Amino acid sequence: MDEVVAVYDARGTQIGTAARERVYAEGLWHASSGVLVRSLDGERVYVHRRTATKSVFPGMHDCLAGGVVDPGESPEDTARRELAEELGVTGTEILPLAHTAWEGTSNGRTLRVHLFAYETRWDGPIVHQPTEIEDGWWWTTRELREHLADPQWPFAPDSRALWDASGM
């Protein structure tokens with residue numbers, strides 16, 4: 001059975017639910033939430049490469065551990081859940097970083113997403129969820145900015161939009 005996710009209107013109000021495949025097939029507005037992980041000293045950012053089997057932005061690089069908002073779940077709850085699931089990070093404070101609406105495509109399908117980003121500090125172990133993350137490493141903020149300046153670098157465009165919206 002297909003996973004059910006929260007459906008939003010263009011203004012950002014949750015208006016119902018739908019199967020994830022329907023949301024992607026019809027380009028319905030939904031929400032996604034993720035967490036940027038910085039080192040405790042704030043000098044490094046954790047970057048990872050998504051697996052080639054992901055349904056959205058397969059094989060691309062990302063700096064947010066995140067996913068779609070489930071019915072009845074707040075963006076902050078989603079951020080905490082995804083941080084634990086994808087990177088094994090729990091028990092940290094997360095702070096709001098950015099919010100934006102984004103329209104784009106992945107695998108030829110229209111995506112309409114309200115994006116929420118949070119930030120946490122962590123120097124502990126990182127444990128990848130193997131079905132979602134292929135590899136990961138720490139970069140300085142400068143190194144990440146240099147890669148993001150290259151429009152050809154394969155980086156998840158929704159996270160690029162949140163990075164830009166955050167003013168970092």
Notebook entry, point to check: What do you reckon, is D158 at pLDDT below 95, among the charged types (D, E, K, R), under 23 Å from H30 (Cβ atoms) and over 13 Å from the mean Cα position of the chain (by Cα)?
Noted result: no
Check: Looking at A10, is it among the aliphatic types (A, V, I, L, M) and either more than 17 Å from the chain's Cα centre (by Cα) or loosely packed, with under 14 Cβ neighbours inside 10 Å (or both)?
Finding: yes
Item checked: Residues satisfying the stated conditions in the range 142-163, i.e. over 15 Å from V35 (Cα atoms) and out of contact with any helix residue (DSSP H, G or I) (no Cβ under 7 Å at 6 or more places or on another chain) -> R142, E143, L144, R145, E146, H147, A149, D150, P151, Q152, P154, P157
Note to self: Every residue in the range 1-43 that is over 30 Å from R142 (Cβ atoms) and part of a loop (DSSP other than H, G, I, E, B), please.
What the structure shows: M1, D2, E3, D9, A10, R11, G12, T13, G27, L28
Notebook entry, point to check: Looking at T105, T78, T90, which is the one that is without any contact (Cβ under 8 Å) to a residue 24 or more places away in the chain and either farther than 16 Å from L40 by Cα or among the small types (G, A, S) (or both)?
Noted result: T105
Check: List the pairs whose first member sits in the range 9-27 and is touching a residue at least 24 places away in the same chain (Cβ under 8 Å), whose second member is part of a loop (DSSP other than H, G, I, E, B) and not basic (K, R), and whose Cβ atoms are under 6 Å apart, counting only residues at least 6 apart or on separate chains?
Finding: T17/P71; R20/D2; R20/E3
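Go through the range 44-63 and count every residue that is assigned to a loop (DSSP other than H, G, I, E, B) and either on the phi > 0 side of the Ramachandran plot or charged (D, E, K, R) (or both).
Pass one, the range 44-63, residues assigned to a loop (DSSP other than H, G, I, E, B): 51-60, 63.
Now narrow it down to the ones that are either on the phi > 0 side of the Ramachandran plot or charged (D, E, K, R) (or both): 54, 57, 59.
Residues meeting the conditions: 3.
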Notebook entry, point to check: Within the range 145-163, how many residues are free of Cβ contacts under 8 Å to residues at least 40 places away in the same chain, surrounded by 13 or more Cβ atoms within 10 Å (Cβ to Cβ) and charged (D, E, K, R)?
Noted result: 2
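Which ones in the range 26-49 are more than 17 Å from the chain's Cα centre (by Cα) and open to solvent by 10 Å² or more (accessible area, probe 1.4 Å)?
E26, L28, L40, D41, G42, E43, R44
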Next item on the list: Sort through V23, V68 and tell me the only one that's under 18 Å from the mean Cα position of the chain (by Cα), more than 30 Å from P125 (Cα to Cα) and open to solvent by less than 20 Å² (accessible area, probe 1.4 Å).
Entry: V23
Check: Could you say whether any residue in the range 111-120 is modelled with pLDDT of 95 or more and assigned to a loop (DSSP other than H, G, I, E, B)?
Finding: no
Item checked: For D62: the one exception among (1) open to solvent by 10 Å² or more (accessible area, probe 1.4 Å); (2) within 14 Å of G136 (Cα to Cα); (3) among the charged types (D, E, K, R) -> (1)
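The values are calculated or read from the model by the stated rules, or taken from the named source; none is laboratory data. None of the values given here were measured: they were computed from a predicted structure. Heads up, the Cβs are rebuilt from the backbone with ideal geometry, glycines too, and the neighbour counts pull from every protein chain shown. The area values use the complete protein model at the heavy-atom level, side chains included, leaving out ligands, DNA and RNA. Shrake-Rupley method; radii C 1.70, N 1.55, O 1.52, S 1.80 Å.
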